[in-house]
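Values quoted throughout were computed directly from the atomic coordinates according to the rules given, and no laboratory measurement underlies them. This one's a predicted model, so the numbers in the text were calculated from it and none came from an experiment. Here the Cβ positions follow ideal geometry from the backbone for every residue, glycine too, while neighbour counts run over all protein chains shown.
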Amino acid sequence: MAKEPLELKWIEDLLPEEGYRRKSMFGGFAYYLDEKIILITFEAGDKPKDKINWNGCMFPVEHDSQAQALAQFPILKPHKILPKWLYLPIETEGFEEWVSDILKIALRPHSIWGSYPKQKKTSKDAKSKKPKLVINEKIDTRHPRMFSDDDPTLVLQKAKKLSDLKNIGPVLEELLHDAGIKTPQQMQKLGWQKTMVKLVKVHPKTNHSMYAYTIITALENKDFGGMSEQQKSEVRAYMKTLRDRLKS
C-alpha cells in the first residue's frame, strides 16, 4: 500500500486545517477528527479486482442512522463487505462534488455521520485501569498560512513560495514544481486555467475539479466555501473540456 494517498490526496483539503489525523486502515487511509472516523479513502490503482469495492470513499454511519443518511445522499450504497460503511465509487459522475457535499454535512457538530471505534482491551483488568493521558494528540498536517486575512494582490506580492498561499500544502506545491510552476507570481501570471493545463499534463491524476478549486482559492486568498456555485459550475465545465481534450 502507498505511504501517501495519491489520486485522492485532494480530499484532505476539504478537512479542517487543524486536528485531523490520517491512519492506514483496510488497505486505505482513515481520517479521524479527534477519535471519530469521518471517512476512509481507497485507491485501487492498477488492480482490476479492487476497482469494484475498493476504489473511492467510504463514510461510516451507524445502522440506526443509515436510512437518514441515504435519504440525504441516495447516491451512496452500503458497502458489500463492510455494510456499516456507505460507499461512493471514484467513477461516480460528479465524484468530487459529492465528496465535498457529504463532508460538509459530516463535519457538522453532532452529525450522524462518522463512527467511534471500540477501544481494545489489553488485559482482563483493563476496565479498572485509568486511561493514559494523551496531550495534544491532534496532528496538524497543514502548512501555516502567513497572510490569511490580507488582500489577494498583497498576498501574492508578499508570498515567497507557493505553500505560503491559502489551501496549498507541501504536496501540491511539489506537484506544481514538477509542472514548472515555481513561484506564486508565476502562477498568478498563468491564471488558474493555464496552471491546471500544465499540472495535468505532468500529473494526469490531478485532473479533478478540487485541484482547480484549490488553485483558484489560493490565487484569490479565500476558503473553498467562498466560491460561488456559478464559479464551481464554470470550473467543472472547464475541467470536463480539459479531460476531453487530453483524451483526444
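Structural remarks
- For the range 152-247, size of Cβ-based charge dipole, Lys and Arg +1, Asp and Glu -1, in debye: 300
- Of the residues 235, 215, 186, the one whose Cα sits farthest toward the positive end of the charge dipole of the range 182-248, with +1 on the Cβ of Lys and Arg and -1 on the Cβ of Asp and Glu, is 186.
- Charge sum, other residues only, whose C-beta stays under 12 Å from residue 180's C-beta, Lys/Arg counted +1 and Asp/Glu -1: +3
- DSSP-assigned coil residues among GluC sites (Glu not before Pro) in the range 7-47, each with at most 16 further Cβ atoms within 10 Å: 18, 35
- Length gained on full extension, residue 116 to residue 33, computed as 0.36 nm times the residue gap minus the Cα-Cα distance: 28.9 nm.
- Remark: 52, 102 ranked as 52, 102, counting other beta-carbon atoms within 10 Å and listing the fewest first.
- A full extension of the chain between residue 238 and residue 104 corresponds to an added length of 45.9 nm, given 0.36 nm per residue minus the alpha carbon distance.
- Listed pairs 9/194; 23/158; 3/194; 9/198; 104/182 exceeding 25 Å between Cα atoms: 23/158; 3/194; 104/182
- Highest mean packing first, where packing is the average number of other Cβ atoms within 10 Å per residue, the peptides 26-32, 215-221 line up as 215-221, 26-32.
- Using only Cα coordinates, the Kirkwood hydrodynamic radius of the range 152-247 works out to 13.3 Å.
- For the range 147-217, applying the loop criterion from DSSP together with a ceiling of 12 other beta carbons within 10 Å to the trypsin sites (Lys or Arg not before Pro) yields 160.
- Once the C-beta distance of residue 201 and residue 25 is scaled by a Förster radius of 41 Å, the resulting FRET efficiency is 0.80 to the nearest 0.05.
- Were the residues from residue 73 through residue 185 laid out at 0.36 nm apart, the gain over their Cα-Cα distance would be 36.3 nm.
- Pair-distance distribution P(r) for the range 9-106, from all Cα-Cα distances in 5 Å bins starting at 0: 2, 13, 25, 27, 21, 10, 2, 0 percent.
- Distance (nanometres) between label positions extended 7 Å along Cα→Cβ at residue 222 and residue 92: 2.7
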